[in-house]
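Q: Sharing a structure with you now.
We did not get these values from a lab; they are worked out from the coordinates using the rules stated. Treat the numbers as computed from the prediction; the structure is a model and nothing was measured. Neighbour counts run over all protein chains shown; Cβ positions are idealised from the backbone, glycine included.
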Ligand SMILES: NC(=O)c1ccc[n+]([C@@H]2O[C@H](COP(=O)([O-])OP(=O)(O)OC[C@H]3O[C@@H](n4cnc5c(N)ncnc54)[C@H](OP(=O)(O)O)[C@@H]3O)[C@@H](O)[C@H]2O)c1
């Protein structure tokens, strides 16, 4: 059975990745890395974790555990500095290896990439559109995942200048570490755009689609869930293209005409919902995609990518079923 290690496990994406690995029928967890919890039992992260799990070790120790697959759930700059272990499938959930042009890290992430010469060795992988190649996998950003699921299959038929993306995410998108912008007193019963025109997922959208998009994220007063509504001039075959792209997918649901994606149906899952509408007054195409930022937007997609790289069943360990209200 392939073995798995997670580093940065105490963060939101680390914990959600652990949840998928524990549900996985073909992965054996061998190391739980966390610098803040090193030396403590797994139950220090969550009381639902029992004594059969390995205790936390420092991230450097988990990195060197010799696992077949390593999930990196660290901040961007920490992940950028890592030397990936040889002969290991590494899935990086941060943005540290998504961009091919290293200069973009200075301008969009605020740091100079410490291992710029290694970026070409990573594959930017969104399984339904760009499956992973090789063993070093850059998991797409949560907003980028939703936008690319909506627009990726249409990219060569869009008028690039017409594309506008309005996207909204719950507060878990900002991670577990407390900050003023995720404080309940600011978030609850409030709605606000942030990093309008300057969010770090913009360059990965440009890299994947081949043209820049006008992209405005908003913070929703919810714990989890992400909705991207994309407006564009598209060809007449847009609906057919999206249906074709997701016809065989167990993860992405193309909704029937007239039905809208809902966060409530994807929250807590690794699924995505996509729907297309025509704007009657302008003839523009509207494509909306709903995902859970921690599911298809992070941990679910990371395990899906790892499954493909390891030759396992693509959806093993993912949360795909259920009809919870
Ligand atoms: N949140 C999302 O929806 C999402 C989606 C896609 C991608 N990502 C990316 O995935 C990476 C990890 O994101 P995340 O949401 O998991 O971030 P996070 O919750 O802030 O955790 C990041 C790291 O901070 C440490 N940490 C955990 N709790 C902490 C606390 N209370 N105070 C200070 N540090 C703490 C953990 O390291 P140790 O365990 O080693 O202490 C963890 O690796 C980021 O690069 C992010 O951009 C996030």
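Q: Give the separation of the Cα centroids, region 191-246 to region 131-156, in Å.
A: Value for the Cα centre distance between the two parts: 11 Å.
Q: Let me ask another. If you take the beta carbon distance between residue 41 and residue 133 as r and set R0 to 45 Å, what does 1/(1 + (r/R0)^6) give as a FRET efficiency, to the nearest 0.05?
A: Calculated value: 0.75.
Q: Sort the following peptides by mean Cβ neighbour count (other Cβ atoms within 10 Å, averaged over residues), highest first: 181-189, 314-322, 136-144.
A: Descending mean neighbour count gives 136-144, 314-322, 181-189.
Q: Give me the angle, in degrees from 0 to 90, between the Cα long axis of helix 12-23 and the longest principal axis of the Cα atoms of the chain, rounded to the nearest 10.
A: For 12-23 against the chain, the angle is about 80 degrees.
Q: Right, next: Obtain the nm distance between the two label points defined at residue 101 and residue 61 by a simple spin-label model: each point lies 7 Å from its Cα along the Cα-to-C-beta direction.
A: My value for the distance between the label points is 4.3 nm.
Q: Is region 1-75 best put as rounded, prolate or oblate by its Cα gyration tensor, with a ≥ b ≥ c the root eigenvalues, rounded for a/c under 1.5, and otherwise prolate when a/b is larger than b/c, oblate when not?
A: Rounded is the answer for region 1-75, as its axis ratio a/c remains below 1.5.
Q: Could I ask something else about it? Relative contact order of the chain: what whole-number percent is it, with Cα pairs under 8 angstrom and at least 6 residues apart?
A: With pairs under 8 Å counted, the relative contact order is 18 percent.
Q: Determine the percent antiparallel among the DSSP beta bridges restricted to the chain, to the nearest 5.
A: 45
Q: What value, in deg cm²/dmol to 500, does the helix sum -39500 (n - 2.57) over DSSP H runs of n ≥ 4 give at 222 nm once divided by the residues of the chain?
A: Here the helix-only value at 222 nm equals -5500 deg cm²/dmol.
Q: Given a 10 angstrom Cα cut-off, can you work out which residue in 101, 77, 46 is the most mobile in a GNM of the chain?
A: Among 101, 77, 46, the largest GNM mean-square fluctuation belongs to 46.
Q: Using r as the Cβ-Cβ distance of residue 22 and residue 194, and R0 as 25 Å, what FRET efficiency do you calculate, to the nearest 0.05?
A: 0.15
Q: May I pose another question? At 0.36 nm per residue, and after removing the present C-alpha to C-alpha distance, how many nm does the segment from residue 179 to residue 117 gain when stretched out fully?
A: Gain on extension, residue 179 to residue 117, equals 19.0 nm.
Q: Given contacts defined as C-alpha pairs under 8 Å and at least six residues apart, what's the relative contact order of region 143-293, whole-number percent?
A: 31
Q: Under the rule a/c < 1.5 gives rounded, and otherwise a/b versus b/c splits prolate from oblate, where does region 103-198 land using the Cα gyration tensor?
A: Oblate is the answer for region 103-198, as a/c is 1.5 or above yet b/c matches or exceeds a/b.
Q: What angle do you read, to the nearest 10 degrees and between 0 and 90, between the alpha-carbon axis of helix 142-151 and the longest principal axis of the chain?
A: Around 40 degrees separate the two axes.
Q: What do you get for the angle between helix 300-310 and the principal long axis of the chain? Use alpha-carbon atoms, 0 to 90 degrees, nearest ten.
A: That helix lies at roughly 70 degrees to the long axis.
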